[in-house]
Amino acid sequence: MVTTDLAPDVRPADPPTGRGAEPAPGGRQPGALRRLLPAIAGHSGAFWATLAANLVGQLAVSGAAVLGAWLLGRAVSGDATPVEMVAAVLGGLVAVIAAASWWEMLVSHDLAYRVLADLRLRVYDAITRLAPGGLAGRRSGDLTTIALSDVETLEWLFAHTIAQLLTATVVLTAGTLLAASIDPWLPAVVLPLAGLVTVVPWLLRRHADRHGTRVRAATADLTADVVDTVQGLRELTVFGAMDRRRAHLAARTRQLGRAQRANAARAGLETAFIDALLAVAGVGALMAVADGVGAGRLDPALAPVAVVLAGTVLGPAAQVALLLKQAGTLRAAAGRIDALLRAPAAVTAPADPLPAPARGEVAFDDVRFGYLPGRAVLRGVSFRIRPGETVALVGASGVGKSTCVHLLLRYADPTAGRITVGGVDLRGLTDSDLRRTVTVVPQDVHLFPGSIADNIRLGRPDATDADVRRVADAAQVSAFADELPQGLDTPVGERGGALSGGQRARVAVARALLTGAPVLVLDEAVANLDARTERDLARALDAARAGRATMVIAHRLSTIMRADRVVMLDAGRVVADGTFDSLRDREPLAGLLADQLSAHRQAHVRQPGNGER
């Protein structure tokens, strides 16, 4: 949803937050790139093809240049030359260069996009593993940036860096050996400067890392704010905050621009320094060749070849420097991805999973839990829900009702005590078995773009149309869907925007019923329903709850009255447990529901005989 940060500007000195994505200071994750490189292992064929195409292309380019220089030297010296044969070889090399360039572009990008697809799936898996408890404090826009923009940034690494670095090393070594065979002094002049060219990015790596981190963090902040703005357009419009929000986005854009300009300035300075070194190296190579010819060490006919070989040493060095110049941005993106991949989950998977329970009896046994050390939310909560029974969990806001739901769904584990379903500790169940055992209808229902039937079928993707129709009837979805032109195939819009809050709630109930889970949690699921629809839906749930344990988080008197039992929490403890009739006139339930009970009694006085329960 929309954030409360509507400040009209963002100070330049604001540190990049990353929204929890980078635990290391400054957003850096030492070794992150190295840990992501094994992603290539699953595509070794494409990698070796990329390396081979790159190597063949580079050697063909160097070979054509050397051969052309040799031809020029022979022509200048007046030596006889088999021009036709040399021309044929040059033509063949040109064809090889063209084919290798095309093939290298194809296989290198095929490799990169395959690796990025795998990496993106790993990011999605990490988000799934962490959700929802482990993602507390992280913004959805920042996670979107990691899964899309940061992963996409690594395309340069996998398509243009690894194979080219290896190829540049081979070409540089071959060029150095050939240059030394013509004039030993030539490598002595060129190699130190070539080495210095490759060292420059390493010397400036701290600046590159700092700038890369700022760019990635500013990109993440802007993306997150844009996502928040789109999701909160209604609230921004209602409260007249669009102008302030627009100013905030403009400030975020300026912040990103400052980071990008600083990064570009550093990269430009680095490039200028490298180009200056290359120019000095080139002049040095020409002077070494001239000295060799003058001293009689070098055949004048081979002078052009010597100059070209100097280029085969300097060219790969320049290529390595160009690739390493991008390392700051690559390390920043890799660090954000690696931090997410290595983030510890809120709960751990069981080493020896237990079989899923066959029945849905829920038991909280002396459960204790706190979100922060020393601040307990639950202080020894114990209660049971038998199969076929509906228990209303009530209490003032903040007493631990939602925490009980979170623990039952295993978003976190109790710090003490245990929760069982059918006698099986939740910590012994795999995630898939747990989701088939416990399902929830939340108060804030999320529907995905698609049809009503698609959103119901999310509960069980292999469900038949008849199954979907059955639960749609039970959850009172058909009551409104059948009046729509496309029935259950009617699109719901983004986040279910084409439906009312009550209609979305009914779709969510149908989705939960479709799972067939033996434990059903209704977290204020009827808060958006009118009294008649709530009554009809309650009857449908009564018919569907045979053998199912149902826990209801409720504030409405009507919902509480329909429960078989009421469990009341206060200060993290169970303070009352019994039927509504046995507790309605006793504290603390009577005090909590005083206003609703008073209105209920007055309504019954005005309408005698209306004793529905």
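The values are calculated or read from the model by the stated rules, or taken from the named source; none is laboratory data. For clarity, every value in this text was computed on a predicted model and none was experimentally measured. Cβ coordinates were reconstructed from backbone atoms using ideal geometry, including for glycine residues, and neighbour counts include every protein chain displayed.
Quick grid of which residues meet (1) modelled with pLDDT under 80; (2) in a helix (DSSP H, G or I); (3) out of contact with any helix residue (DSSP H, G or I) (no Cβ under 6 Å at 6 or more places or on another chain):
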position: 70; (1), (2), (3): no, yes, no
position: 80; (1), (2), (3): yes, no, yes
position: 88; (1), (2), (3): no, yes, yes
position: 96; (1), (2), (3): no, yes, no
position: 102; (1), (2), (3): no, yes, yes
position: 106; (1), (2), (3): no, yes, yes
position: 112; (1), (2), (3): no, yes, no
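Among the candidates 542, 467, 530, single out the residue that is charged (D, E, K, R) and at pLDDT 75 or above.
467
Residues in segment 194-248 that are surrounded by fewer than 14 Cβ atoms within 10 Å (Cβ to Cβ), under 24 Å from residue 147 (Cβ atoms) and either outside the structural domain of residue 276 (by TED's automatic domain parsing) or in contact with a helix residue (DSSP H, G or I) (Cβ under 9 Å, 6 or more places away or on another chain) (or both): 233 only. Residue check: residue 278 meets all listed conditions (1) surrounded by fewer than 18 Cβ atoms within 10 Å (Cβ to Cβ); (2) part of a helix (DSSP H, G or I) but one, namely (1). Residues in segment 131-146 that are out of contact with any Ser or Thr (no Cβ under 9 Å at 6 or more places or on another chain) and either at pLDDT below 80 or surrounded by fewer than 19 Cβ atoms within 10 Å (Cβ to Cβ) (or both): 131, 132, 133, 134, 135, 136, 137, 138, 140. For the subset of segment 425-459 comprising residues that are of a type in the set (Gly, Ala, Ser) and touching a helix residue (DSSP H, G or I) at 6+ places or on another chain (Cβ under 8 Å), which member is nearest to residue 363 (Cα to Cα)? Ranking the qualifying residues of segment 425-459, first place goes to 459.
Within segment 345-362, residues that are not assigned by TED's automatic domain parsing to the domain that holds residue 387 reach partners that are assigned to a loop (DSSP other than H, G, I, E, B) and β-branched (Val, Ile, Thr) with beta carbons closer than 6 Å, at six or more positions or on different chains, in the pairs 353/430.
Consider segment 254-271 and keep the residues that are of a type in the set (A, V, I, L, M) and at pLDDT 85 or above. The one that is nearest to residue 213 (Cα to Cα) is 259. Any residue in segment 74-93 that is within 25 Å of residue 169 (Cα to Cα) and touching a residue at least 40 places away in the same chain (Cβ under 8 Å)? Taking every residue of segment 74-93 in turn, none turns out to be within 25 Å of residue 169 (Cα to Cα) and touching a residue at least 40 places away in the same chain (Cβ under 8 Å).
Output the residue which, of all residues in segment 379-394 that are among the charged types (D, E, K, R) and touching an Asp or Glu at 6+ places or on another chain (Cβ under 6 Å), is farthest from residue 521 (Cα to Cα).
Among them, the one singled out is 386.
Residue 475 fulfils the conditions (1) free of Cβ contacts under 8 Å to residues at least 60 places away in the same chain; (2) crowded, with 18+ Cβ neighbours inside 10 Å; (3) within 20 Å of residue 535 (Cα to Cα) except for a single criterion, (1).
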